[in-house]
Amino acid sequence: MSGPGKLPEAATLGQALGYRGADELVDAALLFVVLLAEATIELADGASVSLVVNDRLATVAASNDLVRAMDADQYRLGEGPCVSAAASGTLVRTDSIATETRWPAFVAAASAHGISSVISTPIAVLDRPVGALNLCSRTAWAFDAPQARLAALLASHAAAMLTARDSEERSVAAISRTIQSVLIGRHSIALAQGILVARDGVTADEAHRRLRGLSRATNTGLTRTAEEIVRTAEPEPPDGPGAR
Amino acid sequence: MIANASRPPESTLERARIDVGLSQNELWVRYFGLGGMAMPIEVEAFLLGLLAPSAHDHEVLVHALNERFSELGRNHPVPHGDGHGPTTLPPWGAQPPDEP
């Protein structure tokens, strides 16, 4: 709540309509996560975040071109640790590309880039997998349990940022519903005012005053009162207790 | 134009707003929904007694506050026509009012 002498500060229509997405901020935060991952996880030669965007996986943050190319190969081939982790919501690791058999096409592409081991940690928002944090290394057996724990920690931070964006979008949806109900109420009241102006030959303010009086007298909200006036003025035969 | 924050609220409207637990923004949204035309900043000025509302705006704010009183199941409504003369009932078949 705003204090005396200050502008009203939240949830007013103008601010709701002036809302802009926080995507730039989230993207910057995700980039920070991947740079942190590459810097803190020994033997990591690249880190990235893949997210499902418009039903397709896309790299939204990458520490370098090596990991970006690895991701692109997986999206193109439809297989690989990142694709599996994002789909299954479980951690997927390959310790030695040379002996990996699960994704033959991906193995060929990754080998061409000199990648020897990969770990993909799922990112989940509201218990739903939405992507993965990926780490690659030119060294085989680069990632073991301690690296996996650190990757999971960073993935959970990435998820927290995405959850924050998600809840902001939901709050915008809630504000939109408020705007809608408020405008529907105003519309009914304006219609009812118009009916009284035409029927009784009064001013708009006087029509509003009469609506308020009727609302008080019947202990019915002003919007409901107005809706009732509109309903009874419409050509269909009224089928409930009339407002007049 | 700057009100002293430690000063108790002086307008009936502001006291009622605090009483029913609505923020100034929430009250404005309700007032706007009932057909009010003033901007949020103007309504804040009405509440703080810095600007005098028109009789119409005053009554729409009173109505918004009283609907909130009803929602809370309370029967201590804000008096109508405060400083603007009594509000009369519509002349077309309304039931007797709860309060004059």
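Read-outs throughout are calculated quantities, based only on the coordinates presented, and are distinct from any laboratory measurement. Everything numeric in this text was worked out from a predicted model, so none of it was measured. So basically every Cβ, Gly included, is an ideal-geometry build from the backbone, and we count neighbours across all protein chains shown.
Couple of notes before you dig in:
- For chain A, built as a Gaussian network whose Cα springs stay under 10 Å, the top-fluctuating residue of A:LEU183, A:LEU25, A:LEU77: A:LEU183
- Gain in span if fully extended, A:ARG76 to A:ASP200, counting 0.36 nm per residue against the direct Cα distance: 37.5 nm
- Rg in Å to one decimal, and Dmax rounded to a whole Å, for the stretch A:111-244 via C-alpha atoms: 30.5, 88
- Taking the average, over residues, of other Cβ atoms within 10 Å as the packing measure, peptides A:216-226, B:24-34, A:198-208, B:48-58 rank B:24-34, A:216-226, B:48-58, A:198-208 from highest down.
- Quick note on chain A: its Rg to Rh ratio, both from C-alpha atoms and Rh being the Kirkwood radius, is 1.32.
- Inter-chain Cβ neighbour count for B:34-46, averaged per residue, equals 4 (cutoff 10 Å, partner chain atoms only).
- Sparse-neighbourhood loop sites, chymotrypsin sites (Phe, Trp or Tyr not before Pro) in the stretch A:88-157 - DSSP loop, at most 16 other Cβ within 10 angstrom: A:TRP141
- Overall form of the stretch B:7-55: oblate. Here a/c, set by the Cα gyration tensor axes a ≥ b ≥ c, is 1.5 or more, and a/b is not larger than b/c.
- Among A:SER96, A:SER215, A:SER84, the largest mean-square fluctuation in a Gaussian network model of chain A (Cα springs under 10 Å) belongs to A:SER215.
- Segment A:ALA108-A:ALA39, length gained on full extension (0.36 nm per residue, minus Cα span): 22.1 nm
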